[in-house]
Amino acid sequence: MPDSLRRFKAEFFKALAHPTRISILEHLRAGEMSVNELQTKLEIESSGVSQQLAVLRNRNIVETRKEGTSVYYRVRDPQVYELLDVARRIFNADLIDTHSMLVQLEEEGASGVAHGGATKRIGAHTT
């Protein structure tokens, strides 16, 4: 894979690497919105919304449409939502795995207590 493609991908993912920008994209899933509408939904100042939208716009993730004095934002390519959906599935799978490990640790801990308290603590040192 050429370095230019790797750099493009890295910059694209950097643009997504902020909770407010993810939230903006999630709100835009319902359709285009103005800065004021996004500000109301996100409950942050319009300058913060504008700053995050500028990052998304500079990476061509969102595009604008002007109507009178209002500027409306929308996602340029709906495949961005597919990417966010895949990320959510990965996150959910990771949570399920983590939960399963916690359940297993609890079961091992309960088993150890039932057998005279011979459980090992992770990272514990005995002297």
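The table for this structure:
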{"read-out": "Hydrodynamic radius of segment 3-76 per Kirkwood, over alpha carbon pairs, in Å", "value": "12.6"}
{"read-out": "Alpha-carbon Rg with Dmax, taken over the chain, Å", "value": "22.6, 76"}
{"read-out": "Rounded if a/c under 1.5, otherwise prolate or oblate - segment 29-72, Cα gyration tensor axes", "value": "rounded"}
{"read-out": "Structure-based [θ]222 nm, the chain - -39500 (n - 2.57) summed over DSSP H runs of at least 4, per residue, nearest 500", "value": "-21000 deg cm²/dmol"}
{"read-out": "Helix 19-28 axis, angle to the chain major axis (alpha carbon atoms, nearest 10°)", "value": "60"}
{"read-out": "Packing-based exposure ordering (other Cβ within 10 Å, fewest first) of LYS14, LYS66", "value": "LYS66, LYS14"}
{"read-out": "Degrees between helix 46-58 axis and first principal axis of the chain (Cα, 0 to 90, nearest 10)", "value": "90"}
{"read-out": "Degrees separating the helix 3-16 axis from the principal Cα axis of the chain, which is the longest one", "value": "90"}
{"read-out": "Two-site FRET efficiency, SER4 against GLU43, from Cβ-Cβ distance with R₀ of 41 Å, rounded to 0.05", "value": "0.60"}
{"read-out": "Mean separation of Cα contacts under 8 Å (6+ apart) over length of the chain, as relative contact order %", "value": "18"}
{"read-out": "Label-point separation, LEU102 to PHE13 (7 Å along Cα→Cβ), nm", "value": "2.6"}
{"read-out": "Relative contact order of segment 3-76, defined on C-alpha pairs under 8 angstrom at six or more residues apart (%)", "value": "33"}
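Quick note: the coordinates plus some simple rules give every number you see, no bench work behind them. The model shown is predicted, which means the values in this text are computed figures rather than measured ones. In this analysis, Cβ positions are derived from the backbone assuming ideal geometry, glycine residues included, and neighbour counts consider all displayed protein chains.
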